[in-house]
Amino acid sequence: MVRMRLTRVGRKNNPSYRIVVTPKREKRDSKAIEYLGHFSPLTKTIELNKERIEYWLSVGAQPSDTVKRLLIKEKILKEDKKAKPFAKKAGRKKSERDAAEADKKEQEKAAKEAEKEAAKAEAETASEEVATEEEKVEESAE
């Protein structure tokens, strides 16, 4: 599998990166198949060969997370709103807590609905009782 990734160039405390296509199992700074551009994080400059990047993406090259972020920023790739590739996943305890909170909220909501229905039914029975009492009063008046 071929991967698009960054290789570090530049000197100590002055990083600069080349965006390259290389086999996935190779080391970071190994020989690249093709150079696609460069990125300097200190000056925030990005230069990309858009045509070749689109070619490699069409062939099936997978961009690394950082390269994907750069391609989205340069509007070569579209941002996937559903997937959050850079978001941290919740741990086991947090996910259990969230599930417990969701269950608790559902139970509270169901209890509120049951109370509303009970109050509604009580109001209906009270109105029926008042109606029957009025009928009795009318009958006795006749």
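Remarks
Residue-wise test of (1) aromatic (Phe, Trp, Tyr); (2) without any contact (Cβ under 8 Å) to a residue 60 or more places away in the chain; (3) assigned to a helix (DSSP H, G or I).
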| position | (1), (2), (3) |
| --- | --- |
| Phe39 | yes, yes, no |
| Thr43 | no, yes, no |
| Ile46 | no, yes, no |
| Arg52 | no, yes, yes |
| Lys112 | no, yes, yes |
| Ala119 | no, yes, yes |
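To keep it simple, each residue is scored yes or no on (1) surrounded by 13 or more Cβ atoms within 10 Å (Cβ to Cβ); (2) among the polar types (S, T, N, Q).
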{"residue": "Val2", "(1), (2)": "yes, no"}
{"residue": "Lys12", "(1), (2)": "no, no"}
{"residue": "Ile19", "(1), (2)": "yes, no"}
{"residue": "Lys24", "(1), (2)": "no, no"}
{"residue": "Ala32", "(1), (2)": "yes, no"}
{"residue": "His38", "(1), (2)": "yes, no"}
{"residue": "Glu47", "(1), (2)": "no, no"}
{"residue": "Trp56", "(1), (2)": "yes, no"}
{"residue": "Ser64", "(1), (2)": "yes, yes"}
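- Hey, Lys75 at positive phi and not aromatic (Phe, Trp, Tyr) or not: yes
- Any hit, the stretch 75-95, residues being surrounded by 10 or more Cβ atoms within 10 Å (Cβ to Cβ), part of a helix (DSSP H, G or I) and not assigned by TED's automatic domain parsing to the domain that holds Tyr17: yes
The values are calculated or read from the model by the stated rules, or taken from the named source; none is laboratory data. Since this is a predicted model, take the numbers as computed values, not measurements. Glycine gets a Cβ as well: all are built from the backbone with ideal geometry, and neighbour counts include every protein chain shown.
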